[in-house]
1. Please count how many residues of the stretch 37-82 are open to solvent by 50 Å² or more (accessible area, probe 1.4 Å) and assigned to a loop (DSSP other than H, G, I, E, B).
2. Hey, can you tell me all the residues within the stretch 132-148 that are surrounded by fewer than 22 Cβ atoms within 10 Å (Cβ to Cβ) and polar (S, T, N, Q)?
3. Could you tell me which numbered condition residue 24 fails, if it satisfies all but one of (1) part of a helix (DSSP H, G or I); (2) within 19 Å of residue 105 (Cα to Cα); (3) open to solvent by 30 Å² or more (accessible area, probe 1.4 Å)?
4. Looking at (1) at pLDDT 80 or above; (2) in a helix (DSSP H, G or I); (3) touching a helix residue (DSSP H, G or I) at 6+ places or on another chain (Cβ under 9 Å); (4) not aromatic (Phe, Trp, Tyr), which is the one condition that is false for residue 217?
5. Within the stretch 3-16, which residues are under 15 Å from residue 162 (Cα atoms) and either in a loop (DSSP other than H, G, I, E, B) or of a type outside the set (Gly, Ala, Ser) (or both)?
6. Mind listing just one residue for me: the one in the stretch 193-213 that is open to solvent by 70 Å² or more (accessible area, probe 1.4 Å) and of a type in the set (S, T, N, Q) and, of those, nearest to residue 127 (Cα to Cα)?
7. How many residues are without any contact (Cβ under 8 Å) to a residue 12 or more places away in the chain, surrounded by fewer than 13 Cβ atoms within 10 Å (Cβ to Cβ) and touching a helix residue (DSSP H, G or I) at 6+ places or on another chain (Cβ under 9 Å) when one looks only at the stretch 149-192?
8. Can you confirm whether residue 34 is under 20 Å from the mean Cα position of the chain (by Cα) and either at pLDDT below 95 or within 20 Å of residue 166 (Cα to Cα) (or both)?
Amino acid sequence: MDRVIFHCDLNCFYASVELLSHPELREVPVAVAGDPASRHGIILAKNEPAKQCGVKTAETIWQAKKKCPNLVLLPAHHKLYREYSNKVNAIYDEYTDLAESFGIDESWLDVTNTLHLFGGDAKALANAIRQRVKRELGLTLSVGVSFNKVFAKLGSDMKKPDATTVIPIDGWQNIVWPQPLGNLLYAGRAATQTLKKYGIETIGQLAACDPAMPEQLLGKMGR
């Protein structure tokens, strides 16, 4: 039996939770900042309008404001985020006892042995979970559906916000090989930049090269 793995990623999680209390700000650029009163604080999360302005997580407030002068800053409420994360995880637990958190806003769900209880259609179940989280909690998810954790994670990153992406066991190469190498789980920035210098920019190009080549190239980084 082929495995059926979901990767569920809450979209703009911190910002989305804050906007539940500020619905009037949904259509304007909003960011959650560690210290909104300080120009030297950093951006912890941003909503889609802010993302479209080029605002990035972990950059300083002054950098974000330079890109987006009308950016609205909200303080962080970490206890609230944990509460909503627990609520979402409780929903996941109703579909499988094999749920694995990957940070506060991401989880893998192995529904291989429970899918038949919910109709047997993996994409339909992923959509149902997305709709339920939105209906009950007001938050949106992107879900990747595949036969392993790495591709499920890749799928959830491909379409955001509020989408389901399937990477099937038949023909997965057509979807995965063209993806930028940096989209692969644990492919760090330093490694991808090093490999790019040698013409390795996609997952497919990495898979096609001599296995010893990336090891040799990346081994130089530590010297």
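The values are calculated or read from the model by the stated rules, or taken from the named source; none is laboratory data. Everything quoted here is computed from the prediction, not taken from an experiment. All Cβ positions, glycine included, derive from the backbone under ideal geometry; neighbour counts span all protein chains shown. With ligands, DNA and RNA removed, areas are computed over all heavy atoms of the protein, side chains included. Shrake-Rupley method; radii C 1.70, N 1.55, O 1.52, S 1.80 Å.
1. Of the residues in the stretch 37-82, 10 are open to solvent by 50 Å² or more (accessible area, probe 1.4 Å) and assigned to a loop (DSSP other than H, G, I, E, B).
2. Listed by number, the residues that qualify are 140, 148.
3. Condition (2) is where residue 24 drops out.
4. Single failed check for residue 217: (1).
5. Listed by number, the residues that qualify are 6, 7, 8, 9, 10, 11, 12, 13.
6. Looking only at the stretch 193-213, we keep the residues that are open to solvent by 70 Å² or more (accessible area, probe 1.4 Å), and these are 193, 196-198, 201, 205, 208, 210-211.
If we keep only those that are of a type in the set (S, T, N, Q) as well, we get 193, 205.
Values: 193: 35, 205: 32 Å.
Out of the qualifying residues, it is 205.
7. Summing the residues that are without any contact (Cβ under 8 Å) to a residue 12 or more places away in the chain, surrounded by fewer than 13 Cβ atoms within 10 Å (Cβ to Cβ) and touching a helix residue (DSSP H, G or I) at 6+ places or on another chain (Cβ under 9 Å) in the stretch 149-192 gives 3.
8. Numbers: under 20 Å from the mean Cα position of the chain (by Cα): no; either at pLDDT below 95 or within 20 Å of residue 166 (Cα to Cα) (or both): yes.
No; evaluated as a whole, the condition is false for this residue.
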